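Take a look at the structure below.
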Amino acid sequence: MLFHRALSLVTSVVGLMIVIACISTQPVVSLFFGSISPTVAGIISFGAFYYAYAIQHVVSGVYLIGLMVSCIICGIIGTPLYLSKSIFKKEKQPKVRMVEKSEAPKKEGECFAEKIQKTILRIPFRCILFVLAIFETVFQSVFLSEGKARASTKESFFWNHLYEKQEKFYDYEEVYGGTVQNDYPDELWIYVNGILTELEDAKSGCKRMYEMFGRPVKLLHNPTDGPILDLLECLMGKTGLLRHGCSGPRKLLRVKLLEEMKNDYKKIVLVAHSQGTIITGNVIADFSDRIEGVVDGFDMKEREALKKNMSKFEVYIVAGCAHYMTSKYVSSLECISNRGDFVALLGHLFPKILRPIWRNTWNHGIRYDQDCEDHIENSNWGHLLFGHYLDQFEHGLFPNSKLVTKYWMKSPQKMNATLGETETSKLLSK
């Protein structure tokens, strides 16, 4: 187990170097020469850096580093053109059809100065907790067997206190502030958010999806504890490093899905973004292990029932950075990514030929099933769920995704169908 952790740490460093090399070259080259593979992009990038080092040309080195940093920034927040447009763009409130609205309890918010003061005061205590949590994990890895280590970290004192905010599952009433109009009661939609997403932003995302797809969406809120701790949680979920047990959002999603399956929905749709794809991928893997009997404690009847329910799953992975994504038991799996998305290169867009190199603590490389439907935009940058992905439907991006062809209320297929029904009704009225 200790060897696998050391191997995962080394290969994670190598994997990040490959990702940085790819983002520095691939999107830029693809703009001029069409799509190239991430492997070729990585070779070009490494070759350019080696050439600059070999000829000891400082200007070339500074230029390449500047290009790399620029591409990473654009791969997260978007291009300067997008940013300039978004500054002057007015945010519209999503339209939600309410049956009955409830009064939300008013909360006294902290002023900006109070938030800054509270954050500064917490920094030294969180640093101490982080160091103690690392020592706790190292101790368990070295001196305890794998089974005992996993059992002891289920109630890990230091990790649990380091992550102060608790994940929570929000029903329709909690998301929309009352009873919402649901024209598809036999469908269940769940949104799993990514890093640095506050609760109100996540709820707003559910409301915008309701406006786009005409279905109310429940929320598995993965709370933010700041950029550093959020990234550490991604590392735990993706590779298993730093912590033996799985993250809280993963456990909660697994429990809630098992509860929702009892309602006998015809369709269960999961929309996951960024870190949410790691959580979702791990839960699907957990269910697959139960079906295949890898996990003890489940009889044949329970496994068959779970298999039947999983066949109702439609999974939409947006900017996928998960290490493992299987479509074996789900109805459909789509991976939607921008070629210029830095985070997607950590998983979905990682060079296929190099995927076995990056190992997790279970000694598995990155794996995305061949049955997964890939929807990749070579000329698009950025990582934001709406600004760089779902809002781009109106500009003709990702045209073959089922989110567009099957669910988007403004899709050409739906508009044509509506137009046909209107013309038919006019003929009938005559």
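The values are calculated or read from the model by the stated rules, or taken from the named source; none is laboratory data. On a predicted model such as this, the values are computed, not experimentally measured, just so you know. Cβ coordinates were reconstructed from backbone atoms using ideal geometry, including for glycine residues, and neighbour counts include every protein chain displayed. Only protein heavy atoms, including side chains, enter the accessible area calculation; ligands, DNA and RNA are left aside. Shrake-Rupley method; radii C 1.70, N 1.55, O 1.52, S 1.80 Å.
Tabulated results
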read-out: Number of positions in segment 198-225 that are farther than 13 Å from Glu167 by Cβ, touching a residue at least 12 places away in the same chain (Cβ under 8 Å) and not polar (S, T, N, Q); value: 16
read-out: All helices (runs of 4 or more DSSP H) inside segment 241-343 with 2 or more residues being crowded, with 23+ Cβ neighbours inside 10 Å, touching a Gly at 6+ places or on another chain (Cβ under 7 Å) and among the polar types (S, T, N, Q); value: 275-291
read-out: Selection count, segment 1-27, where residues are at pLDDT below 70 and open to solvent by 50 Å² or more (accessible area, probe 1.4 Å); value: 1
read-out: Within segment 211-236, tally of residues that are open to solvent by 10 Å² or more (accessible area, probe 1.4 Å), assigned to a helix (DSSP H, G or I) and either of a type in the set (S, T, N, Q) or within 22 Å of Glu314 (Cα to Cα) (or both); value: 2
read-out: Segment 155-175 residues that are farther than 15 Å from Glu260 by Cβ and small (Gly, Ala, Ser), paired with ones that are in a loop (DSSP other than H, G, I, E, B) and modelled with pLDDT under 75 (beta carbon under 8 Å, 6 or more apart); value: Ser156/Arg243; Ser156/Gly245
read-out: Residue in segment 193-209 that is over 17 Å from Val404 (Cα atoms) and in a strand (DSSP E or B) present; value: no
read-out: Matching residues, segment 357-410, being closer than 26 Å to Cys234 by Cα, aromatic (Phe, Trp, Tyr) and not in a loop (DSSP other than H, G, I, E, B); value: Tyr368, Trp381
read-out: Tally of residues being open to solvent by 60 Å² or more (accessible area, probe 1.4 Å), over 17 Å from Ile317 (Cα atoms) and charged (D, E, K, R) across segment 347-406; value: 2
read-out: The listed residue being in a helix (DSSP H, G or I) and at pLDDT below 70, out of Glu114, Glu108, Glu103; value: Glu114
read-out: Segment 181-196 residues that are within 16 Å of Lys207 (Cβ to Cβ), paired with ones that are of a type in the set (Lys, Arg) and part of a loop (DSSP other than H, G, I, E, B) (beta carbon under 7 Å, 6 or more apart); value: Gln181/Arg97; Trp189/Arg215
read-out: Evaluation of Glu187 against (1) buried (at least 17 other Cβ atoms within 10 Å of the Cβ); (2) acidic (Asp, Glu); (3) within 16 Å of the chain's Cα centre (by Cα) (one fails), failing number; value: (3)
